[in-house]
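Asker: I'd like to ask you about the structure that follows.
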Amino acid sequence: MEHVFPTYSRFPFDLVNGHDVYLDDNHGKTYLDFTSGIGVCSFGYSNEIIQQSVEEQIKKVWHISNLYESELQDKVADQLCNDDQLAFFCNSGTEANEAAFKLARKASGKSTVIAFNNGFHGRTYGSMSLTGNPDIRRGFEPLVPDIIFADYNDDAAINLINSDVAAVILEVIQGEGGVNNGNKSWLQGIQKACHDNGVILIIDEVQTGIGRTGTKFAFEQFNLDPDIITSAKALGNGTPIGAMIGKKKFAKFFGPGTHGTTFGGNKISLAAATGVLQQLTPEFLDGVQNKSKTVWDYLNNEIAPLNSVTDISGLGLMIGIHIDDKFPVGDVISQLQDAGLLTLSAKYNTLRLLPPLVMSEEELLNGLEKIKLVLK
Ligand SMILES: Cc1ncc(COP(=O)(O)O)c(C=O)c1O
């Protein structure tokens, strides 16, 4: 990759073909996929409904800008929003958070935002400035001002919320930051402090959303009602799409000319999103929850007791296996690749698993067995 910036340290193979929940590399090796392209391809690599929806759209028109009405945007927004919400379409998670950040400042007339250590919200200036990982921000200063970082799951954060604050942004399970579960009562305490002080609560569901944890959005399992939700990744199953979903009361702050994007809400990505959302039924989500039970039984009974494992976190099919520092997670990932399984890492030597939600129980257990063998 001579003419590509070295922003990623890449594994020495190219994944050239996908089928169901498997990927083939350019050397002819097939892998079971526990990554979903970092939480994106939740419906796998050959979902007929999504393929058909995209193929039909490709034959009609690919792109027309946001200067015209769009039935497809209406359709996806209807599926994403409740009666009191509106959507803004963009191309990625970082852009969805950028939109949320801009809207929160404009709607509140205030600038201060509280974000969390180990939180991850993206790589553009606004989203990066909200990201609680100094390694990611280093060298890019000056960053966007007036962002306060607090410790996740720490009551001290609740005390920081007052009427001078514009917004709080958080993930209910921090993904990149180590698959850290938010504590339910703490999250509700944050929400109450936001409500009491007129502070906008933004929940970043870029990684946790679209069924990953067994509900459409993970915050539903914590009885939360955010003012703004951001989504991306699995929403397009591999086509670039992001959405910022906000309460209708914010409409007057995001009028014509306030925010925009050329590609956001493009018809190809939206065609994929209609295919995704059409299949994200209560029955499908029940199926994810049932599979998750089998997976978590195996994790608790077979993997948690291993000497190399210090903890297991996550929810549904978003899983973090915390490995003793003696065994670098990069080595574990390489050995699993040799064994025909693709996995991910997260901060603090965490082996992160984000298998496609359509994977069968048998395949999930097959992958977990490989993990058990390597960690043993
Ligand atoms: C929680 C969260 N927010 C935002 C982002 C950024 O999304 P994108 O890479 O699509 O810009 C990510 C990406 O990993 C994420 O996990």
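The values are calculated or read from the model by the stated rules, or taken from the named source; none is laboratory data. The structure displayed is predicted, hence computed values, not measured ones. In this analysis, Cβ positions are derived from the backbone assuming ideal geometry, glycine residues included, and neighbour counts consider all displayed protein chains. Just the protein is used for accessible areas: all its heavy atoms, side chains included, with ligands, DNA and RNA removed. Shrake-Rupley method; radii C 1.70, N 1.55, O 1.52, S 1.80 Å.
Asker: If I go through the stretch 203-227 residue by residue, how many of them are in contact (Cβ under 8 Å) with a residue 24 or more places away in the chain and within 13 Å of the ligand (Cβ to nearest atom)? Before you say what the answer is, go through the steps one by one.
Answerer: Initial filter on the stretch 203-227 (in contact (Cβ under 8 Å) with a residue 24 or more places away in the chain): 203-216, 218-219, 221-227.
Now narrow it down to the ones that are within 13 Å of the ligand (Cβ to nearest atom): 203-210, 212-213, 218-219.
Adding up the residues that qualify gives 12.
Asker: Okay, next question. What are the residues in the stretch 74-87 that are open to solvent by 40 Å² or more (accessible area, probe 1.4 Å), in contact (Cβ under 8 Å) with a residue 12 or more places away in the chain and not acidic (Asp, Glu), if any?
Answerer: Residues of the stretch 74-87 open to solvent by 40 Å² or more (accessible area, probe 1.4 Å): 74-75, 78-79, 82-84, 86.
Next, from what is left, pick out any that are in contact (Cβ under 8 Å) with a residue 12 or more places away in the chain: 75, 79, 84, 86.
Within the stretch 74-87, 75, 79, 86 qualify.
Asker: Yes or no: the stretch 95-107 includes at least one residue that is assigned to a helix (DSSP H, G or I) and loosely packed, with under 12 Cβ neighbours inside 10 Å. Full working, then the answer.
Answerer: Residues of the stretch 95-107 assigned to a helix (DSSP H, G or I): 95-107.
If we keep only those that are loosely packed, with under 12 Cβ neighbours inside 10 Å as well, we get none.
No: the stretch 95-107 contains no residue that is assigned to a helix (DSSP H, G or I) and loosely packed, with under 12 Cβ neighbours inside 10 Å.
Asker: Kindly establish whether residue 200 is modelled with pLDDT of 95 or more, aliphatic (A, V, I, L, M) and more than 16 Å from the ligand (Cβ to nearest atom). It would help to see each step written out before you state the result.
Answerer: Values: modelled with pLDDT of 95 or more: yes; aliphatic (A, V, I, L, M): yes; more than 16 Å from the ligand (Cβ to nearest atom): yes.
Yes.
Asker: In the stretch 308-324, is there at least one residue being charged (D, E, K, R), in contact with a strand residue (DSSP E or B) (Cβ under 6 Å, 6 or more places away or on another chain) and touching a residue at least 12 places away in the same chain (Cβ under 8 Å)?
Answerer: Let us first name the residues in the stretch 308-324 that are charged (D, E, K, R), namely 311, 324.
Pick out the ones that are also in contact with a strand residue (DSSP E or B) (Cβ under 6 Å, 6 or more places away or on another chain) and you get 311, 324.
Narrowing the set further to residues that are touching a residue at least 12 places away in the same chain (Cβ under 8 Å) leaves 324.
Yes, the conditions are met somewhere in the stretch 308-324.
Asker: Take the conditions within 25 Å of residue 216 (Cβ to Cβ), among the small types (Gly, Ala, Ser), at pLDDT 95 or above and in contact with a helix residue (DSSP H, G or I) (Cβ under 8 Å, 6 or more places away or on another chain) and apply them to residue 111. Does it pass? It would help to see each step written out before you state the result.
Answerer: Working: within 25 Å of residue 216 (Cβ to Cβ): no; among the small types (Gly, Ala, Ser): yes; at pLDDT 95 or above: yes; in contact with a helix residue (DSSP H, G or I) (Cβ under 8 Å, 6 or more places away or on another chain): yes.
No.
Asker: Here are 190, 229, 210: which of them is in a helix (DSSP H, G or I) and buried (at least 17 other Cβ atoms within 10 Å of the Cβ)?
Answerer: Result: 190 is the single residue among 190, 229, 210 that is in a helix (DSSP H, G or I) and buried (at least 17 other Cβ atoms within 10 Å of the Cβ).
Asker: Among the residues of the stretch 83-116, write down those that are aliphatic (A, V, I, L, M) and either outside the structural domain of residue 182 (by TED's automatic domain parsing) or more than 14 Å from the ligand (Cβ to nearest atom) (or both). Before you say what the answer is, go through the steps one by one.
Answerer: If we filter the stretch 83-116 for residues that are aliphatic (A, V, I, L, M), which is where we start, we get 86-87, 96, 99-100, 103-104, 107, 113-115.
Passing the criteria: 86, 87, 103, 104, 107, 113, 114.
Asker: Could you give me the residue pairs with C-beta distances under 8 Å whose first residue belongs to the stretch 1-22 and is not assigned by TED's automatic domain parsing to the domain that holds residue 341, whose second residue is at pLDDT below 95 wherever it lies, and which are 6+ apart or on separate chains?
Answerer: 10/1
Asker: OK, next. Looking at the stretch 123-150, which of its residues are under 17 Å from the mean Cα position of the chain (by Cα) and without any contact (Cβ under 8 Å) to a residue 40 or more places away in the chain?
Answerer: Once the filter is applied, which keeps residues that are under 17 Å from the mean Cα position of the chain (by Cα) and without any contact (Cβ under 8 Å) to a residue 40 or more places away in the chain, the stretch 123-150 yields 123, 124, 127, 128, 130, 131.
Asker: Being under 21 Å from residue 49 (Cα atoms) and assigned by TED's automatic domain parsing to the domain that holds residue 211: is that true of residue 255 here? Walk me through it before giving the result.
Answerer: On the way: under 21 Å from residue 49 (Cα atoms): no; assigned by TED's automatic domain parsing to the domain that holds residue 211: yes.
No; evaluated as a whole, the condition is false for this residue.
Asker: Can you give me the ranges of the helices (runs of 4 or more DSSP H) entirely in the stretch 117-176 with at least 2 residues that are within 15 Å of the ligand (Cβ to nearest atom) and modelled with pLDDT of 95 or more?
Answerer: Details: elements: 125-129, 134-137, 155-160.
It comes to 125-129, 134-137.
Asker: Give 171, 141, 205 a once-over and let me know the one that is closer than 29 Å to residue 357 by Cβ and open to solvent by 10 Å² or more (accessible area, probe 1.4 Å).
Answerer: Numbers: 141 fails: closer than 29 Å to residue 357 by Cβ; 205 fails: open to solvent by 10 Å² or more (accessible area, probe 1.4 Å).
Of the residues listed, the single one that is closer than 29 Å to residue 357 by Cβ and open to solvent by 10 Å² or more (accessible area, probe 1.4 Å) is 171.
Asker: If you go through the stretch 213-223 one residue at a time, how many are part of a loop (DSSP other than H, G, I, E, B) and more than 16 Å from residue 358 (Cα to Cα)?
Answerer: Narrowing the stretch 213-223 to residues part of a loop (DSSP other than H, G, I, E, B): 213-217, 223.
The next check asks that each one be more than 16 Å from residue 358 (Cα to Cα); those that pass are 217, 223.
Matching residues across the stretch 213-223 total 2.
Asker: If you check every pair at least six apart or on different chains, which have Cβ atoms under 7 Å apart with a residue in the stretch 348-372 that is among the small types (Gly, Ala, Ser) first and a residue that is not in a helix (DSSP H, G or I) second?
Answerer: 367/32; 367/34; 367/341; 367/355
Asker: For the stretch 51-73, name all the residues that are farther than 24 Å from residue 252 by Cβ and either surrounded by 15 or more Cβ atoms within 10 Å (Cβ to Cβ) or free of Cβ contacts under 8 Å to residues at least 40 places away in the same chain (or both).
Answerer: Taking the stretch 51-73 first, the residues farther than 24 Å from residue 252 by Cβ are 51-64, 71-72.
51, 53, 54, 55, 57, 59, 71, 72 - these are the residues of the stretch 51-73 that are farther than 24 Å from residue 252 by Cβ and either surrounded by 15 or more Cβ atoms within 10 Å (Cβ to Cβ) or free of Cβ contacts under 8 Å to residues at least 40 places away in the same chain (or both).
Asker: Could I ask something else about it? For residue 179, indicate whether it is aliphatic (A, V, I, L, M), crowded, with 20+ Cβ neighbours inside 10 Å, within 16 Å of the ligand (Cβ to nearest atom) and within 18 Å of residue 348 (Cβ to Cβ).
Answerer: So residue 179 fits the description; yes.
Asker: Given the condition away from the ligand (no atom under 16 Å from the Cβ) and surrounded by 12 or more Cβ atoms within 10 Å (Cβ to Cβ), answer yes or no: does some residue in the stretch 1-8 qualify?
Answerer: Looking through the stretch 1-8, none of the residues is away from the ligand (no atom under 16 Å from the Cβ) and surrounded by 12 or more Cβ atoms within 10 Å (Cβ to Cβ).
Asker: Still on this structure: For the stretch 268-314, which positions are surrounded by fewer than 19 Cβ atoms within 10 Å (Cβ to Cβ) and among the basic types (Lys, Arg)?
Answerer: Hit for the stretch 268-314 is 293, nothing else.
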